1. Among Lys68/Lys437; Lys114/Lys210; Lys167/Lys219; Lys477/Lys548; Lys81/Lys214, which pairs are too far apart, with a Cα-Cα distance over 27 Å?
2. So which aspartates and glutamates can Lys42 reach, going by Cα to Cα under 13 Å and dropping same-chain residues fewer than 8 places off?
3. Which FRET efficiency value, to the nearest 0.05, do you get for Thr556 and Val60 by plugging their Cβ-Cβ distance into 1/(1 + (r/R0)^6) with R0 = 45 Å?
4. May I ask for the distance between the Cα centers of region 180-249 and region 320-375, given as a whole number of Å?
5. If I model a spin label at Glu134 and Lys582 as a point 7 Å from the Cα along the Cα→Cβ vector, what separation in nanometres do I get?
6. Could you check what % of the DSSP bridge pairs in the chain are antiparallel, to the nearest 5?
7. Grab the DSSP H runs of the chain that are 4 residues or longer, score each as -39,500 (n - 2.57), total them, divide by all residues and round the 222 nm result to the nearest 500 deg cm²/dmol.
8. Taking 0.36 nm per residue of separation and subtracting the Cα-Cα distance, what length does fully extending Asp76 through Thr329 add?
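The values are calculated or read from the model by the stated rules, or taken from the named source; none is laboratory data. The structure presented is a predicted model; accordingly, all values stated were derived computationally and were not measured. All Cβ positions, even for glycine, are placed from backbone atoms using ideal geometry, and neighbour counts span all protein chains on display. Remember, those area values only see protein heavy atoms, side chains included, never the ligands or the DNA or RNA. Shrake-Rupley method; radii C 1.70, N 1.55, O 1.52, S 1.80 Å.
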Amino acid sequence: MRFPKLQELQRYREMTTVFGGYNHQISCNEGQFFDMKNMTSKYFPILSPRQRRGIVKSFVNPQGILDKEDLWWIDDKALYKNGERIELEGVRFNDISPKTMAKMGAYIIVMPDKIWIKATDEEIECGYMENIVEYEKGTEIKFSICDEYGRAITWHDADYYKTTQAKDGDYQMSVNANGKPSLKVYSASTGIWMSVISTYTQISALGIGKGFEKEDGVKITTNINTDSLDNIFVNVEDDGEHYSVNTYIVDRTDDAITIPGIYNGRLEPFTEMDLLVERKTPEMAYITECNNRLWGCSKDGHEIYASKLGDVKNWNCFRGNSMDSWAATIGSDGKFTGAITFLGYPMFFKEDSLIKIGVSAIGGHQTKETMCRGVQDGSSGSLSILNEILYYKSNSGVCVYNGSLPYSISDNFGDVNYYDAVGGALGDKYYISMRNKNNVYSLFVYDSKNGIWCKEDDTQAIVFSRHKDDLYFIDAKDKMMKSVGGTLLFDSKDAEDIFNWYVESGTIGYSSPDNKYVGRINIRITLEFGTNVDFYIQYDSMGEWEHKFNMSGTGTRTYSIPLIPKRCDHFKYKIKGNGICKIHSITKTIEEGSDS
């Protein structure tokens, strides 16, 4: 008698020992995970939850953080250094948050407040980058000609010396061929009146010099322009009723300033004059330091500025030398979205371009614009340098830039779009916190050494700042400063509570058209005391997770997950837990059936 032949079901084992992190795509590979929470690549290729964070400081209203040898921050309009409040005289922070904090030499710059802080071991100085002194009619304002040190010069006209013998060092005011006043000094040794090349005018008024320094670039505006003043106030303002000059202060006292120019008018004070003296700082969206200058860009996307060399307060000082301030107009459309100094170049981003500034030692700085993926609007805080590579969030994902052209590293995010990114770097890892279209935040970590992503939790970071051997951030939800590496500063003793974690595999079985039986799953794992780990499985995308096994105890062992073979087309699994563990391998035993 003949019996039908039974075909033996094909059985095979799949063993995963290399875990490739987060991959939120349908084509999620074996060893990668479609979703996860609180995992790390620190022990790659081993799968493990991240370490506990340090809880460093509680904030009332966090406004900014900066690493400058010490850790500085602004909380509720007050400045702190390593947790100690610093009292500032004469300045006050506004309510705007978050603030941009930058460093240049001994200075800390806070924008948009336009406040500078000079921090040394001996003392703390501070002030506003801008200074404005204004006078209205009724104030006595005096003009006089002087030398560069502010010493008054007494002069006479040519008619005076027709009847009086000139002495060595006498001054004469005459008119040159262009009809402009000209100052001459008499030399007794040669008997010749010689032209004074550099002439200066002193403006005296109560308190006019307070808040200014020598070499400050200023704009001076008045409502009067007599014949003797039109040699000084050479610009007509837009209203046609005021006159101005852009100049610099040669010398100053509290009640007088000396500027270049020649004044040949009356010595009696003006009382009918309005006068405005101002050292202005442009309204800037982003700032960065490079080559002992502060660089910034306008909010409308068309102007880039540089401060005077070594001076954060002067942005309008143009004397024709290499130390001058600098400005350039950018013709392309779109507003600026971020700024950073990278490889020795100040760089400014728009959403579709980057502008690199070629810094010149002689002041001839040049701009070069490259049309490419720039920084996404709202993600200026994502700019961060990791191992000589620049990382940032663009409209199309997370990009890296090494000096040539940017390219994306975030294909593993799938078709989820993210916005409002903030980033920081530590070791070989780039941390980035951003939200999806449903305003749900996620903290991702890119391991640049192994080229994999991990997803941590729903942290919304206001700002990141690296300090010494750890990376710190301010959590928007609980207003706490935390350290990703668990470092506790300033006598802090609080560490993060034990947290839950999980990994969810991609769909397994799409590559085969046959039905399958999942016979057994083995997990080799190292558990610490108090750790609990649960295993779940889901068949054929039914949406219901079936709990199959719990793992607990201590030490390293292999757990065999008891599964009753169930016919399915595809499946996926989830491992959830709390506490510390390390998963070394996951082995699946699968039997294939027919395609019907």
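1. On the way: Lys68/Lys437 35 Å; Lys114/Lys210 18 Å; Lys167/Lys219 38 Å; Lys477/Lys548 35 Å; Lys81/Lys214 31 Å.
With Cα atoms farther than 27 Å apart: Lys68/Lys437; Lys167/Lys219; Lys477/Lys548; Lys81/Lys214.
2. Asp428, Asp447, Glu456
3. Details: r = 46 Å, r/R0 = 1.03.
With a Förster radius of 45 Å, E is 0.45.
4. With region 180-249 and region 320-375 each reduced to a Cα centre, they are spaced 34 Å.
5. With each label placed 7 Å out from Cα toward Cβ, I get 6.7 nm.
6. Values: 194 of 199 bridges.
Restricted to the chain, the bridges split so that about 95 percent are antiparallel.
7. After summing the helix terms and dividing by the residues of the chain, the value is 0 deg cm²/dmol.
8. Gain in length upon complete extension: 87.5 nm.
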